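Undergrad: Encoded as structure tokens, here's the structure I'll be asking about.
The values are calculated or read from the model by the stated rules, or taken from the named source; none is laboratory data. Predicted model only: the values in this text are computed from it and were never measured. Glycine gets a Cβ as well: all are built from the backbone with ideal geometry, and neighbour counts include every protein chain shown. Side chains are part of the model used for accessible areas, which takes the heavy atoms of the whole protein and leaves out ligands, DNA and RNA. Shrake-Rupley method; radii C 1.70, N 1.55, O 1.52, S 1.80 Å.
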Amino acid sequence: SKLQAIRGMNDILPADIAYWQHLETTARQLFAEYGYQEMRVPMVEHTALFKRSIGELTDIVEKEMYAFEDALNGEHLSLRPENTAGVCRAVIEHNLTYEGGRRLWYAGPMFRHERPQRGRYRQFHQVGAEAIGFAGPDVDAELILMCARLWESLELPNIELQLNSLGNSDERARHRADLIAHLERHQDALDADAKRRLHANPLRVLDSKHPDVQAVAQAAPKLIDYLGEDSRAHFDGLQRLLKSRGVKFEINPRLVRGLDYYNLTVFEWISTAGDSPLTVCGGGRYDGLIELLGGKPTPACGFGLGVERVLDLLAQEKFEVIESPDVYVVHAGEGASAYALQVGEALRDAGFDVIVHAGEGSFKSQMKRADAAVARYAVVIGEDEVRAGEVTLKHLRGPDGEPVRGAEQRRFAVAQLVEALYGELGFDDDTHDHDH
């Protein structure tokens, strides 16, 4: 029997990869504009890292983590279900905040064992940013503004911002006592998960998707009403900063996020483009996490966006990414193959993206392949070109990718070909950089 990919862990094929690269390139450029540096952490960490950071009574730790015992040394390990814990572990281990705060970003796969559905897979991908060592609401605002600029760069409409504040530990403790009392009065309406969390982690009950539990949650005490002076000042300061930049938002007092390490600011970006609202990005402040993991008390804030969900939104907008070579080299006849390789290397040395046809095939069939590759130009080499030390250049497509009909064919020596392509593709002769 033939082997297939594991359910919920998908191949990313060449036809789709251009969209992934477009999102990743856009995000990478944006993070650089804000001074964020990339870092990469292992996909496998000690299970204790996630139990301590995410919370033992969260769905992720209880039901979704790929946790296992290493048969070689007995260590308890897990595939990462999220990346913030790993970044914080690395910050502590390498003392990255010794000289001050750090702005960091990451991209890569995460793993959760849940029922696969559109935009939610067992191996899914996130792009995220973490600002570690900064205490004020200005960094919260910076992260949110960075997200807003990303949606603008990707030309994604109908993404709305929701905000809430979870306050500090003392405020959550007072709210927790009143919330438990409220839930106890309505135990008959709670499902099994909500009853199990009632005393251990009542805040998570507010995040339940069960209709009866949601009705109870709507009438529950709101944590935002328990905020003290400092927490309220932080939240008000964030709102002022966002309003000063024209960022629209809605305060959602039921927004708690699914991880235990959050405090003060929490936020979600929600798409309203489909039939039902879809969270595409979420984050907030986690000032206690680094201390919880063994480091010094360090304020921090961050977010993670779901790559597959953002790509689904791009598909709904019929966004098109054309990944194509500048030149496809077509060749046939005696000596043409070696000459084609020589021409291809010369063009690559000059900075062009080039496909040299491999294998046999008539000129007609090779031109069909050049057309299928969406190449801008075909360089044609036959025996006449080989003898003359020249090539024939044929214009196939315009800058918009549309075919060019009846274009003139021209003969060039290789050096002349490079200069002609520089002019036609709009290269900078000094840098030889291009963007197609």
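Undergrad: I'd like to verify a number: residues in the range 17-49 that are within 19 Å of residue 281 (Cα to Cα) and either open to solvent by less than 70 Å² (accessible area, probe 1.4 Å) or outside any strand (DSSP E or B) (or both), how many?
TA: Kept after step one, since they are within 19 Å of residue 281 (Cα to Cα), are these residues of the range 17-49: 19-31, 34, 36, 38.
From what's left, either open to solvent by less than 70 Å² (accessible area, probe 1.4 Å) or outside any strand (DSSP E or B) (or both): 19-31, 34, 36.
Matching residues across the range 17-49 total 15.
Undergrad: For the range 79-122, what are the residues that are farther than 18 Å from residue 280 by Cβ, open to solvent by 50 Å² or more (accessible area, probe 1.4 Å) and part of a loop (DSSP other than H, G, I, E, B)?
TA: 94, 95, 98, 99, 113, 115
Undergrad: Could you go through the range 57-71 and let me know if any residue there is out of contact with any Phe, Trp or Tyr (no Cβ under 7 Å at 6 or more places or on another chain), within 20 Å of residue 304 (Cα to Cα) and open to solvent by less than 20 Å² (accessible area, probe 1.4 Å).
TA: Just the residues of the range 57-71 that are out of contact with any Phe, Trp or Tyr (no Cβ under 7 Å at 6 or more places or on another chain), to begin with: 57-60, 62-64, 67-71.
Still in the list and also within 20 Å of residue 304 (Cα to Cα): 58-60, 64.
Now drop any that are not open to solvent by less than 20 Å² (accessible area, probe 1.4 Å), which leaves 58, 60.
The answer is yes; a qualifying residue exists.
Undergrad: Restricting attention to the range 125-158, and to residues there that are among the aliphatic types (A, V, I, L, M) and open to solvent by 10 Å² or more (accessible area, probe 1.4 Å), which single residue is farthest from residue 265 (Cα to Cα)?
TA: So the first thing to find is which residues in the range 125-158 are among the aliphatic types (A, V, I, L, M), and the list is 127, 129, 131-132, 135, 139, 141, 143-146, 148, 150, 154, 156.
When the remaining residues are screened for being open to solvent by 10 Å² or more (accessible area, probe 1.4 Å), the result is 135, 145, 148, 156.
Numbers: 135: 11, 145: 14, 148: 17, 156: 24 Å.
Looking at residues that are among the aliphatic types (A, V, I, L, M) and open to solvent by 10 Å² or more (accessible area, probe 1.4 Å), I get 156.
Undergrad: Within the range 274-290, identify whether any single residue is in a helix (DSSP H, G or I) and either crowded, with 19+ Cβ neighbours inside 10 Å or at pLDDT 90 or above (or both), and answer yes or no. Spell out the reasoning first.
TA: Of the range 274-290, the ones in a helix (DSSP H, G or I) are 289-290.
Those still in the list that are either crowded, with 19+ Cβ neighbours inside 10 Å or at pLDDT 90 or above (or both) too: 289-290.
Yes: one or more hits.
Undergrad: Continuing with the same structure: Name the pairs: first residue in the range 318-333 and within 30 Å of residue 390 (Cβ to Cβ) and among the aromatic types (Phe, Trp, Tyr), second residue part of a strand (DSSP E or B) and at pLDDT 90 or above, Cβ to Cβ under 7 Å, at least 6 apart or on different chains?
TA: 328/355; 328/378
Undergrad: Any chance the range 323-346 includes a residue that's under 36 Å from the mean Cα position of the chain (by Cα) and under 30 Å from residue 110 (Cβ atoms)?
TA: yes
Undergrad: Moving on. Among the residues of the range 370-383, which ones are in a strand (DSSP E or B) and over 37 Å from the mean Cα position of the chain (by Cα)?
TA: The first filter runs over the range 370-383 and keeps only residues in a strand (DSSP E or B), leaving 377-381.
Listed by number, the residues that qualify are 379, 380, 381.
Undergrad: Follow-up. Test residue 411 against the stated conditions and say whether it is at pLDDT below 90, outside any loop (DSSP other than H, G, I, E, B) and either of a type in the set (Ser, Thr, Tyr) or open to solvent by 30 Å² or more (accessible area, probe 1.4 Å) (or both). So that I can check it myself, show each step before the final result.
TA: On the way: at pLDDT below 90: yes; outside any loop (DSSP other than H, G, I, E, B): yes; either of a type in the set (Ser, Thr, Tyr) or open to solvent by 30 Å² or more (accessible area, probe 1.4 Å) (or both): yes.
Here the answer is yes, as residue 411 does meet what is asked.
Undergrad: Go over the candidates 414, 404, 380 one by one and state the one that is touching a strand residue (DSSP E or B) at 6+ places or on another chain (Cβ under 7 Å), without any contact (Cβ under 8 Å) to a residue 12 or more places away in the chain and at negative phi. Before you say what the answer is, go through the steps one by one.
TA: Numbers: 414 fails: without any contact (Cβ under 8 Å) to a residue 12 or more places away in the chain; 380 fails: without any contact (Cβ under 8 Å) to a residue 12 or more places away in the chain.
Being touching a strand residue (DSSP E or B) at 6+ places or on another chain (Cβ under 7 Å), without any contact (Cβ under 8 Å) to a residue 12 or more places away in the chain and at negative phi holds for just one of 414, 404, 380, which is 404.
Undergrad: For the subset of the range 215-229 comprising residues that are outside any loop (DSSP other than H, G, I, E, B) and either among the hydrophobic types (A, V, I, L, M, F, W, C) or over 33 Å from the mean Cα position of the chain (by Cα) (or both), which member is surrounded by the most Cβ atoms within 10 Å (Cβ to Cβ)? So that I can check it myself, show each step before the final result.
TA: We begin by selecting, within the range 215-229, every residue outside any loop (DSSP other than H, G, I, E, B); these are 215-218, 223-226, 229.
Filter again for either among the hydrophobic types (A, V, I, L, M, F, W, C) or over 33 Å from the mean Cα position of the chain (by Cα) (or both), leaving 215-217, 223-226, 229.
On the way: 215: 11, 216: 21, 217: 21, 223: 25, 224: 21, 225: 11, 226: 21, 229: 7.
Applying the filter and picking the extreme gives 223.
Undergrad: Considering the range 296-348 alone, what residues qualify as being open to solvent by 10 Å² or more (accessible area, probe 1.4 Å), among the β-branched types (Val, Ile, Thr) and farther than 23 Å from residue 150 by Cβ?
TA: The answer is 298, and nothing else.
Undergrad: Further question on the same structure: Name the one entry in 190, 198 that is farther than 21 Å from residue 283 by Cβ and touching a Ser or Thr at 6+ places or on another chain (Cβ under 9 Å).
TA: On the way: 198 fails: touching a Ser or Thr at 6+ places or on another chain (Cβ under 9 Å).
Answer to the selection: 190.
Undergrad: For the range 183-203, give me each residue that is part of a loop (DSSP other than H, G, I, E, B), over 20 Å from residue 60 (Cβ atoms) and of a type in the set (A, V, I, L, M).
TA: Within the range 183-203, just 190 meets the criteria.
Quick grid of which residues meet (1) of a type in the set (Gly, Ala, Ser); (2) closer than 21 Å to residue 306 by Cα; (3) outside any loop (DSSP other than H, G, I, E, B):
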| site | (1), (2), (3) |
| --- | --- |
| 124 | no, yes, yes |
| 129 | yes, yes, yes |
| 139 | no, no, yes |
| 150 | no, yes, yes |
| 153 | yes, yes, yes |
| 157 | no, yes, no |
| 163 | no, yes, yes |
| 167 | yes, no, no |
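Undergrad: Assess whether residue 365 counts as being in contact with a His (Cβ under 8 Å, 6 or more places away or on another chain) and of a type in the set (Gly, Ala, Ser). So that I can check it myself, show each step before the final result.
TA: Details: in contact with a His (Cβ under 8 Å, 6 or more places away or on another chain): no; of a type in the set (Gly, Ala, Ser): yes.
Answer is no for this residue.
Undergrad: Need a quick list: strands (runs of 3 or more DSSP E) entirely within the range 291-369 having at least 3 residues that are among the β-branched types (Val, Ile, Thr). Break it down into steps so the answer makes sense when it comes.
TA: On the way: elements: 300-306, 327-331, 354-356.
Ranges flagged: 327-331, 354-356.
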